[in-house]
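> Below is the structure I would like to discuss, written out as structure tokens.
No value in this document is a laboratory result; all are computed from the given coordinates. Just so we're clear, the structure is a prediction, and the values are computed from it rather than from any experiment. As a convention, Cβ positions derive from the backbone with ideal geometry for all residues, glycine included, and neighbour counts pool all protein chains shown.
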């Protein structure tokens, strides 16, 4: 019988759906169950519980019914964003009694914005996963570093185009948290056209990224998001803020230079200017970015690491 894995209960940035699809290609009986699908990824779930936004009793009734159905057909529960199907104080005793394994897969905001003492629940699961070395700073215990994977067969690099006015794409999931106001102000000081992609389906966002010469992810956080990975996969130079120590750890671990232009809200104009002025530099970084994601963010490589983790639970 193949390994049976339930990923739940959210699909932020499509991480869960990408992982489940890759596991299925390896013969794993994997499924994604979510409280609610994301507005911009409405088709990415095997089971959408359509949990109401309010009403604790109604919510719990839906969650418990789902858990009762899933428990007999699941060997490993893969939880995202610090959330579980039923309350944690009951979730883990039931899993232990039924000899099911579990892991918490943290995605960023679930740990970055919380005091460490509020994250001790992570030890209730059999393993913990974060997406970057930067994320390790925010948790009070060790975790596996598993960079997000994408299906590179869906991302053909787009050859760079030399043109008079450079096109910059910035696609924030949250305007404030990504520092969109600083990106807009910086681009006003440069001879560029800025496309702020927000509030559209992922398919449309990707088409607009393909038309760009430079991708700006965010300027306020410690590490890049899925946008940077998708931008590099499409052969675009990427600009974003990064924790310097985490960059060094990443390069040492994977034996590759992180080919992203580091910036902050205070020096974004200076960070962008060399790329705006040089077609050759944009082309070089675009090629380096594609090579980097093939090594670090290819979903097939990620799946190898995930299956190894499952085997150790």
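> Quick one: angle between helix 299-312 and the longest Cα principal axis of the chain, in degrees between 0 and 90, rounded to 10, please.
Once rounded, the angle reads 30 degrees.
> Could you work out how much longer the chain between residue 71 and residue 313 gets when fully extended? Use 0.36 nm per residue separation minus the Cα distance between them, nm to one decimal. List each step's numbers first, then the result.
Working: separation 242, 0.36 × 242 = 87.12 nm, distance 1.72 nm.
Result for the pair: 85.4 nm of gain on full extension.
> Give me the mean projected area, in nm² to one decimal, of the convex hull enclosing the Cα positions of the chain.
Average of the hull's projected areas for the chain equals 16.0 nm².
> Using only Cα atoms, tell me the angle between helix 268-277 and the longest principal axis of the chain; keep it within 0 to 90° and round to the nearest 10.
Here the helix axis deviates by roughly 60 degrees.
> I want to verify the translational diffusion coefficient of the range 203-267 in µm²/s; compute it with Stokes-Einstein, Rh as the Kirkwood radius over Cα pairs, at 10 °C and 1.306 mPa s.
In µm²/s, the coefficient rounds to 129.
> Report the rotationally averaged projected area of the range 11-145 based on its alpha-carbon convex hull, in square nanometres.
Values: hull surface 34.6 nm².
The number I arrive at for the range 11-145 is 8.7 nm².
> Under a point spin-label approximation (7 Å from Cα along Cα-to-Cβ), what is the residue 121-residue 90 distance to one decimal in nm?
1.4 nm
> Work out how much length residue 137 to residue 56 would gain on full extension: take 0.36 nm times their residue separation and subtract the Cα-Cα distance, in nm to one decimal.
25.8 nm
> So how tilted is helix 15-25 from the main axis of the chain? Cα-based, degrees 0 to 90, rounded to 10.
Once rounded, the angle reads 70 degrees.
> Considering the convex hull of the alpha carbon atoms of the range 98-170, report its projected area averaged over all viewing directions, in nm², one decimal. Numbers along the way, then the final one.
Values: hull surface 33.4 nm².
The number I arrive at for the range 98-170 is 8.4 nm².
> For the range 57-84 and the range 101-123, what is the centre-to-centre distance using only Cα atoms, to the nearest Å?
Between the Cα centres of the range 57-84 and the range 101-123 lies a distance of 18 Å.
> In µm²/s, what is D for the range 74-208 at 4 °C and 1.567 mPa s, where D = kT/(6 pi eta Rh) by Stokes-Einstein and Rh is the Kirkwood radius from Cα pairs? Don't skip to the answer; put the middle values down first.
Details: Rh = 18.3 Å.
Here the translational diffusion coefficient equals 71 µm²/s.
> Over the chain, calculate the relative contact order: mean separation of alpha carbon pairs under 8 Å at least 6 apart, over the residue count, as a percent.
15 percent
> Here's another thing I want to ask about it. If you stretched the chain out fully between residue 165 and residue 151, how much longer would it get, using 0.36 nm times the residue separation minus the C-alpha to C-alpha distance? Kindly include the intermediate steps, with their values, before the conclusion.
Details: separation 14, 0.36 × 14 = 5.04 nm, distance 3.12 nm.
Full extension from residue 165 to residue 151 adds 1.9 nm.
> What whole number of Å gives the distance from the Cα centroid of the range 173-188 to the Cα centroid of the range 262-310?
20 Å
> In nm, to one decimal, how far is the residue 174 label point from the residue 257 one, both placed 7 Å along Cα→Cβ?
Between residue 174 and residue 257, the label points sit 3.3 nm apart.
> Which value results for Rg/Rh of the range 153-296 when Rg is the Cα radius of gyration and Rh the Kirkwood radius based on the inverse mean 1/r?
Answer for the range 153-296: 0.93.
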